[in-house]
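The values are calculated or read from the model by the stated rules, or taken from the named source; none is laboratory data. Being a predicted model, the structure only gives us computed values, none of them experimental. Neighbour counts run over all protein chains shown; Cβ positions are idealised from the backbone, glycine included. Note: accessible area is taken over every heavy atom of the protein model, side chains too, but ligands, DNA and RNA are not part of it. Shrake-Rupley method; radii C 1.70, N 1.55, O 1.52, S 1.80 Å.
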Amino acid sequence: MIFARRSHSVLPGFNVALGITLLYLSLIVLIPLSAALFKTFTLTWDAFVAHVTAPRVLASLRLSFGAALIAAAINAVFGLLVAWVLVRYPFPGRRVVDALVDLPFALPTAVAGIALTAIYAPNGWLGKPLLESFDLKVAFTPLGILVALTFIGLPFVVRTVQPVLEDLERELEEAAQSLGASHAQTFARVILPTLAPALLTGFALAFARAVGEYGSVIFIAGNMPMVSEIAPLMIITKLEQYDYAGATSVAVVMLAASFALLLAINLLQWWSRRYAESDA
Amino acid sequence: MSIQVIDVSKRFGTFEALHHVSLDIEPGELVALLGPSGSGKTTLLRVIAGLEVPDSGSILFNAQDTTAKRVQDRNVGFVFQHYALFRHMTIFENVAFGLRVRPRALRPSNEAIREKVVKLLKLVQLEWLADRYPHQLSGGQRQRIALARARAIEPKVLLLDEPFGALDAKVRRELRRWLRRLHDEIHLTSVFVTHDQEEAFEVADRIVVVNRGRIEQVGAPGEVYDHPATPFVYQFLGNVNLFEGRISRGIAHVSGRRLAAPEHDGAVDALATAYVRPHDIDVSVQKSDSAVAATVDHAVALGSVVRLELTRHDTGDVVEAEIPRDRYDGLKIVHGQVVYLAPRRARFFLETAAPTSEAA
């Protein structure tokens with residue numbers, strides 16, 4: 001093996017280290033995932049298909065992935081904006097705002113869920129005016145789910161874009177402008193392509209988190225079958241009915257879909273990094 | 001195109017980067033802004049480019065006020081010290097950038113862009129790198145591409161901010177000769193910033209010495225070196241030794257020797273400092289009243305000259321002297337020996353005189 005022959009590594013005993021790494025990853029990641037897979041295999045193919053194509057399951061999957069994608073997209077836009085402001089403009093209280101960004105990440109999800117529900121409920125601070133003036137119902141609808149998923153996903157985009165933005169040389173912008181580029185052209189042709197890999201990473205992380213989110217969503221979702229029931233809740237519901245195989249079959253579909261989406265994002269990222277310096 | 005800088009001042013917080021600076025640059029000239037770091041030379045260049053807005057004063061291009069114009073509309077080519085190439089674009093696209101961002105009505109066709117970029121890449125002798133990315137190029141190549149990119153918009157002025165500062169000595173030398181040749185072919189009005197006097201002397205038609213936000217002297221390289229206007233210029237351009245002396249009616253008395261100082265005709269018994277270049281010091285082994293005693297600390301042979309480092313007996317100051325190799329061998333100077341020094345030629349600045357910074 002090529003790696004084994006590499007000259008003096010800092011870490012002694014490459015073979016031992018590799019062995020431990022593989023064992024650890026197997027125990028922590030691989031075995032639980034394959035257990036879900038094996039449990040599903042107790043079903044026949046037809047039964048599996050019947051389980052996952054049940055209208056209620058399909059609706060929940062559509063909602064989970066759809067809302068997660070939209071939430072991640074919203075976060076990509078506004079997370080970039082927040083990161084930009086935090087990096088580029090010195091203003092009083094910047095450190096406080098900077099710390100605030102981590103809050104959705106640090107907060108127990110149930111706390112976030114209750115807080116959001118209280119605010120967006122039809123009699124809440126924001127929910128009431130929204131309902132009265134715009135006839136917009138947020139809590140206990142898919143919109144509420146979107147709000148919760150956007151809330152918990154924000155730090156991922158900000159924290160991945162921020163360091164890259166800090167390293168972005170202002171000279172690049174000045175060079176573009178001295179060549180005649182407008183502000184919009186400078187942003188679209190110079191800044192955004194440079195930030196794209198980090199932005200995609202942030203998007204992927206926010207998306208992954210949103211797909212699996214449970215605690216902050218179930219309060220605000222209302223959990224109406226076919227309307228505002230998320231896929232993780234579907235799994236719980238089936239578990240409570242002792243339908244273990246049914247629960248894992250939903251899990252397997254989520255697993256496959258998440259994997260496919262993350263793979264696609266990674267490929268996109270690899271492509272957007274094609275110019276990256278080898279030593280970076 | 002001519003550039004006029006008229007009474008420009010610029011502050012950053014409490015730091016005064018430029019203090020009422022005025023400067024005229026002739027069309028087709030290659031001018032060096034020379035000064036130590038923090039002297040304001042880069043700020044001056046950026047004000048000319050429109051990357052900084054001056055607090056007061058104005059910038060004229062061809063006698064037209066451009067102070068309020070944005071950098072996008074000034075049509076200047078700007079080359080950065082660290083190249084500032086767009087790393088997600090190929091070399092070709094980097095050079096084409098200035099043409100591609102033009103408004104649709106003024107944008108050349110793809111074919112015309114292609115032709116122009118290839119021509120520019122040939123000019124910088126790097127057409128074979130068109131499809132590479134910036135990180136695959138060496139520093140010298142990157143800077144040449146940056147220059148090609150700046151030239152693509154057919155600028156009326158080329159501004160270079162320490163263009164060779166990030167390169168190693170050999171590449172730097174090659175590149176500045178190449179820049180000089182390029183300028184001789186095209187005669188585009190150019191201003192470049194440097195802290196390296198050798199670079200300024202080798203490349204520029206005229207040198208502007210900048211210090212602490214003020215222009216100390218403007219002149220041809222030889223003129224600036226031979227007739228420094230201020231003590232700062234004298235010290236900045238090469239090594240110098242200071243001797244205390246007195247001046248009376250155009251005659252200076254320095255360590256027992258009389259030297260002509262016609263520029264200070266009016267002074268009577270004034271305290272003056274003599275600025276003496278190392279090669280303008282006489283070294284002798286014979287004791288004399290018109291010379292100061294000093295001990296030889298070091299002797300370093302540098303090709304045809306020998307540089308002596310000495311300690312003066314009277315003041316304890318360190319003096320640097322350069323004498324021809326032959327003379328050094330003839331004197332048979334050894335380490336620790338006492339020798340006698342006298343300035344042969346000096347430039348005097350009166351102690352009380354205010355810095356004559358506006359002298360040009």
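Listing for the model above:
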item: Residues satisfying the stated conditions in the range A:192-207, i.e. more than 10 Å from every other protein chain (Cβ to nearest Cβ) and free of Cβ contacts under 8 Å to residues at least 60 places away in the same chain; result: A:198, A:205
item: Flag if residue B:154 is out of contact with any Phe, Trp or Tyr (no Cβ under 9 Å at 6 or more places or on another chain), touching a residue at least 24 places away in the same chain (Cβ under 8 Å) and acidic (Asp, Glu); result: yes
item: Residue B:191 vs. criteria crowded, with 23+ Cβ neighbours inside 10 Å and without any contact (Cβ under 8 Å) to a residue 24 or more places away in the chain; result: no
item: The range B:245-290, residues that are in contact with an Asp or Glu (Cβ under 6 Å, 6 or more places away or on another chain), in a loop (DSSP other than H, G, I, E, B) and open to solvent by less than 10 Å² (accessible area, probe 1.4 Å); result: B:250
item: Residue B:182 closer than 21 Å to residue B:278 by Cβ, out of contact with any Ser or Thr (no Cβ under 8 Å at 6 or more places or on another chain) and surrounded by 15 or more Cβ atoms within 10 Å (Cβ to Cβ); result: no
item: Only listed residue being more than 21 Å from the chain's Cα centre (by Cα), within 14 Å of another protein chain (Cβ to nearest Cβ) and either aromatic (Phe, Trp, Tyr) or not in a helix (DSSP H, G or I) (or both), chosen from A:188, A:176, A:181; result: A:181
item: Options B:340, B:275: the member that is touching a strand residue (DSSP E or B) at 6+ places or on another chain (Cβ under 7 Å), among the aromatic types (Phe, Trp, Tyr) and farther than 30 Å from residue B:213 by Cβ; result: B:340
item: Lone qualifier among A:180, A:212, A:222 - being assigned by TED's automatic domain parsing to the domain that holds residue A:51, closer than 14 Å to residue A:61 by Cα and open to solvent by 10 Å² or more (accessible area, probe 1.4 Å); result: A:212
item: Selected residue (criterion: modelled with the highest pLDDT) from residues of the range A:231-275 that are within 14 Å of chain B (Cβ to nearest Cβ) and open to solvent by less than 40 Å² (accessible area, probe 1.4 Å); result: A:269
item: Members of the range B:107-141 that are surrounded by 15 or more Cβ atoms within 10 Å (Cβ to Cβ) and within 12 Å of chain A (Cβ to nearest Cβ); result: B:132, B:133, B:134, B:136, B:137
item: Count of residues meeting criterion [part of a helix (DSSP H, G or I), within 25 Å of residue A:172 (Cβ to Cβ) and in contact with a Leu (Cβ under 9 Å, 6 or more places away or on another chain)] in the range B:158-202; result: 3
